[in-house]
Ligand code: FPP
C-alpha cells in the first residue's frame with residue numbers, strides 16, 4: 001500500500017496508538033440506502049475491514065480489535081445472523097493467504113465456543129495458521145459482550161478463591177484483567193465508532209476506562225484508510241491525562 005500523506009504525518013508525529021478498537025456500525029443503513037438487503041452491507045463492510053487492516057499495519061499499530069458480532073446480535077433475524085456467520089467462514093478461508101502474506105496474526109475475543117461449529121472451526125484454523133506471524137494482531141470480537149466477559153471473570157475468580165488458589169486481598173486490577181477474554185493485551189488507546197451513534201454498546205467496558213473515543217458519521221462500508229488515518233491524527237493531538245492534571 002503506498003504511504004499516503006496522512007500516514008507520513010502520523011509517523012512523523014510518533015506516538016502511534018498501540019491498540020485501536022473499532023465499532024464497525026452502519027452496514028445495515030448503507031445497504032438500506034441502496035435498496036439492498038442488509039447482508040450486502042456486511043459484505044461491503046469486509047472491504048472496509050481490509051482497508052483498515054492495511055492502514056493499521058502501515059503505521060505500526062500493534063493490535064486492531066474489531067467488534068464483529070456481539071452477544072446481542074443473535075436477536076437479529078435468522079437470515080442476517082446466518083449471513084454474517086457465513087461471511088466469517090468464507091473470509092477466514094479466502095483471506096488466509098492474504099493475512100499470512102501481510103504477517104497478520106489473527107486472534108479472537110469473546111465466547112468463541114458459542115459459535116456454530118463449522119464457523120468456529122474455520123476461525124480456529126485461521127488463528128492457528130497465522131499464530132506465528134509477528135505483524136499486526138487482528139483481534140475479532142465475536143460472540144462478545146462486555147458484561148458477559150466481566151461476569152465470567154468474576155465467577156472464575158470466585159472459584160479460584162474457593163479452591164484456595166487466590167486470596168481476596170490478592171484481587172487487584174491487574175489480576176482482574178488477566179481473567180478477561182483480553183488477558184495479555186494492553187487496553188485500547190483509541191476507540192473508533194462509525195455511523196454516528198454515541199455509545200459503547202457493551203464493548204470492552206472494563207478495558208476502555210481511559211481510551212480516547214473518536215466518533216464519525218461515516219457508515220462502516222464507506223470508511224477508508226484515510227478516514228482511519230484521520231482518526232489516528234486526532235488521537236495524536238489529544239492530551240491523555242489518566243486522571244492527572246495537565247502537564248502544560
Ligand atoms: C454493524 O452494522 C455491523 C455488524 C453487526 C457486523 C460487522 C460485520 C462485518 C463488518 C462483516 C464481517 C467481518 C469479518 C471480519 C468477516 P449494523 O448492521 O448494526 O448497521 P446499522 O446500524 O446501520 O443497522
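The values are calculated or read from the model by the stated rules, or taken from the named source; none is laboratory data. Since this is a predicted model, take the numbers as computed values, not measurements. Note that each Cβ is placed from the backbone with ideal geometry, even for glycine, and that neighbours are counted across all protein chains shown.
Some notes on this structure:
- Cβ-Cβ under 7 Å pairs, at least 6 apart or on other chains, the range 18-34 side at positive phi and at pLDDT 95 or above, far side near the ligand (Cβ under 8 Å from one of its atoms) and outside any loop (DSSP other than H, G, I, E, B): 26/220
- The residue list 73, 133, 97 contains one member that is assigned to a loop (DSSP other than H, G, I, E, B) and surrounded by fewer than 18 Cβ atoms within 10 Å (Cβ to Cβ), which is 133.
- Every pair of residues 6+ apart whose Cβ atoms lie under 6 Å, when the first sits in the range 66-81 and is farther than 30 Å from residue 187 by Cβ while the second is within 11 Å of the ligand (Cβ to nearest atom) and not in a strand (DSSP E or B): 80/38
- Taking the range 112-130 as the range and being in contact with a strand residue (DSSP E or B) (Cβ under 7 Å, 6 or more places away or on another chain) and buried (at least 16 other Cβ atoms within 10 Å of the Cβ) as the test, the residues that pass are 112, 115, 123, 126, 127, 130.
- The residues in the range 47-67 that are surrounded by fewer than 18 Cβ atoms within 10 Å (Cβ to Cβ) and within 14 Å of the ligand (Cβ to nearest atom) can be counted, and the count is 4.
- Within the range 137-181, the set of residues being in a loop (DSSP other than H, G, I, E, B) and touching a residue at least 24 places away in the same chain (Cβ under 8 Å) comprises 145, 179, 180, 181.
- Of all the residues in the range 1-17, those that are at pLDDT 95 or above, surrounded by fewer than 21 Cβ atoms within 10 Å (Cβ to Cβ) and not in a helix (DSSP H, G or I) number 1.
- Within the range 100-130, tally of residues that are more than 16 Å from the chain's Cα centre (by Cα) and part of a helix (DSSP H, G or I): 15
- Any hit, the range 17-30, residues being more than 12 Å from the ligand (Cβ to nearest atom) and in contact with a helix residue (DSSP H, G or I) (Cβ under 8 Å, 6 or more places away or on another chain): yes
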